[in-house]
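Structure first, then comments.
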Amino acid sequence: MSLLPGAEPYRHRGGPVGVLLCHGFTGSPRSLRPWAEDLAAAGYTVALPVLPGHGTRWQDLQMTRWEDWYAEVERELLELAQRCEQVFVCGLSMGGGLALRLAAVHGPKIAGLVLVNPSVRSDNPASVILPVLRHLVPSLPGVANDIARPGADELAYDRTPLHAAWSLARLWKDVQTRLPQVTQPVLLFRSPQDHVVSAANSELVLARISSTDVTERLCQRSYHVATLDHDAAEIFAAAQDFIRRLAPAHAAGVSAGESDHHQG
């Protein structure tokens with residue numbers, strides 16, 4: 001199945017500091033593309049993969065599990081770690097959960113995390129019936145485009161496949177047990193008006209991680225997909241400040257390098 005136009009992965013070979021960006025459940029690289037391009041313009045080496053089952057049609061996601069999504073971002077992380085002196089991981093929503101798992105498992109390979117409305121727990125009481133419901137109902141209405149800014153489109157599915165949602169719940173449980181193993185510096189953005197992920201998710205992350213260098217910032221003008229919303233520029237700027245502070249290897253004015261927008 002070919003990717004939807006705009007859902008392509010994005011890669012840019014820049015300087016010695018790498019940044020991996022992880023998109024969310026039922027979403028696509030479109031939700032993080034402006035952020036990736038902002039980092040590339042600043043001279044970073046950037047990887048923004050499309051997660052298996054995403055960026056095509058929701059039926060394709062139905063056939064995948066969280067282990068597939070995680071394996072893809074882990075592969076990208078290890079490639080960046082070979083190429084770069086330092087690597088940072090950024091994640092939106094479920095991508096934040098994947099980023100936290102990477103940080104817990106790979107420790108010193110990751111220099112810091114930037115999380116935007118991370119998803120690490122269920123906010124729906126009905127999720128307890130997912131193990132049964134997924135065999136009866138293939139999908140439910142989706143949660144795409146929770147964005148305050150008019151005209152923005154994250155290119156996400158309009159349906160949520162329940163086999164994949166059941167697997168997402170299993171990912172959450174795994175990530176929750178690993179949060180104390182996260183020790184890297186963390187910059188966390190949270191939207192008070194998030195209609196997809198509750199504040200309890202960020203509270204859980206901040207309460208359980210072992211990191212001592214932690215900053216939380218509120219995106220007052222944005223909904224869930226804050227990376228495409230009114231606070232996007234502030235997120236991008238603060239993320240660059242965070243990375244520069246922790247990455248002496250990144251010199252200002254690194255040459256732009258080459259971008260590969262369509263490489264699989």
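The values are calculated or read from the model by the stated rules, or taken from the named source; none is laboratory data. In this text, all values refer to a predicted model and were calculated from it rather than measured experimentally. Note that each Cβ is placed from the backbone with ideal geometry, even for glycine, and that neighbours are counted across all protein chains shown. All accessible areas refer to the heavy atoms of the entire protein, side chains included, with ligands and DNA or RNA removed. Shrake-Rupley method; radii C 1.70, N 1.55, O 1.52, S 1.80 Å.
Would you work out what percent of the accessible area of the chain, with all protein chains in place, is carbon or sulfur (probe 1.4 Å)?
Values: 5710 of 10890 Å².
With neighbouring chains kept in place, the figure for the chain is 52 percent.
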Could you work out the equivalent-ellipsoid semi-axes for region 1-158, taking the square root of 5 times each eigenvalue of the Cα gyration tensor, largest first, in whole Å?
-> 27, 18, 14
Across every pair of different alpha-carbon atoms, what Kirkwood hydrodynamic radius in Å does the chain reach?
-> 18.1 Å
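With a 1.4 Å probe and all protein chains in place, put Y223, Y70 in order of accessible area, largest first. Don't skip to the answer; put the middle values down first.
Details: Y223 65, Y70 15 Å².
Solvent-accessible surface, decreasing: Y223, Y70.
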Per residue, how many Å² of accessible area does the chain show with a 1.4 Å probe?
-> 41 Å²
Work out the charge dipole of region 40-150 with +1 on the Cβ of Lys and Arg and -1 on the Cβ of Asp and Glu about the Cα centre, then indicate which of P131, L48, V114 is farthest towards its positive end.
-> P131
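Heavy atoms only, 1.4 Å probe, whole protein assembly: order H230, H224 by accessible area, highest first. Please report the intermediate quantities before stating the final value.
On the way: H230 75, H224 10 Å².
Highest to lowest solvent-accessible surface, that is H230, H224.
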For L140, residues with placed amide H under 5 Å, excluding near neighbours = T160, L162
Count the DSSP beta bridges whose two residues both fall in the chain, then state the antiparallel fraction as a percent rounded to the nearest 5.
-> 30 percent
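Return the calculated 222 nm mean residue ellipticity for the chain, to the nearest 500 deg cm²/dmol, obtained by summing -39500 (n - 2.57) across DSSP H runs with n ≥ 4 and dividing by the residue count. Before the final figure, lay out the partial values.
Numbers: 8 runs with 91 residues, N = 264.
-10500 deg cm²/dmol, from helical runs alone.
Computed from the mean reciprocal separation of all distinct C-alpha pairs, what Kirkwood hydrodynamic radius does region 10-101 have, in Å? Walk me through the numbers before you get to the answer.
Working: mean 1/r = 0.0766 Å⁻¹.
Averaging 1/r across every pair of different Cα atoms and inverting gives 13.1 Å.
If packing is taken as the average number of other Cβ atoms within 10 Å across a peptide's residues, how do 11-17, 112-118, 73-79, 131-137 rank, most packed first?
Top to bottom by mean Cβ count within 10 Å: 112-118, 11-17, 73-79, 131-137.
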Quick one: what are the phi-derived ³J(HN,Hα) couplings along region 54-66, Karplus 6.51/-1.76/1.60 with θ = phi - 60°, whole Hz, x for glycine and proline?
-> 9, x, 10, 8, 4, 5, 5, 5, 4, 8, 10, 9, 4
If you put +1 on each Lys and Arg Cβ and -1 on each Asp and Glu Cβ, how big is the dipole of the chain around its Cα centre, in Debye rounded to 20?
-> 480 debye
Note: region 124-196, point scatterers on Cα, Debye, no solvent; log10 I/I(0) at q = 0.14, 0.16, 0.22 Å⁻¹ equals -0.67, -0.84, -1.11
